[in-house]
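The numbers here are math on the coordinates, done by the rules we state, and not lab data. Note that the structure is predicted; figures quoted are calculated from it, not measured.
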């Protein structure tokens, strides 16, 4: 019965490995683009604060924080790590 599960889970290891590789590649590109967008958002929010548009400045500052490296990219990196952990657990199950 255990060998049957190993055979069933083997394709999932391949799929998770490919998915992890694609996600790491896309994460690297998206992370750099989000850093650039974050910098522009901060400059726009400072400009809006200086010209008296407090609401717009707060909105741009909030959006910049969300797309900064401590916002969405951190969540995405955590999810990619969980996929890698699942992949490792499946590999460990198949190899033992």
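Here are some notes:
- Residues (under 19 Å from the mean Cα position of the chain (by Cα) and outside any helix (DSSP H, G or I)) located in region 31-72: 68, 69, 70, 71
- Subset tally (residues that are under 13 Å from residue 95 (Cα atoms) and over 21 Å from the mean Cα position of the chain (by Cα)) for region 5-30: 5
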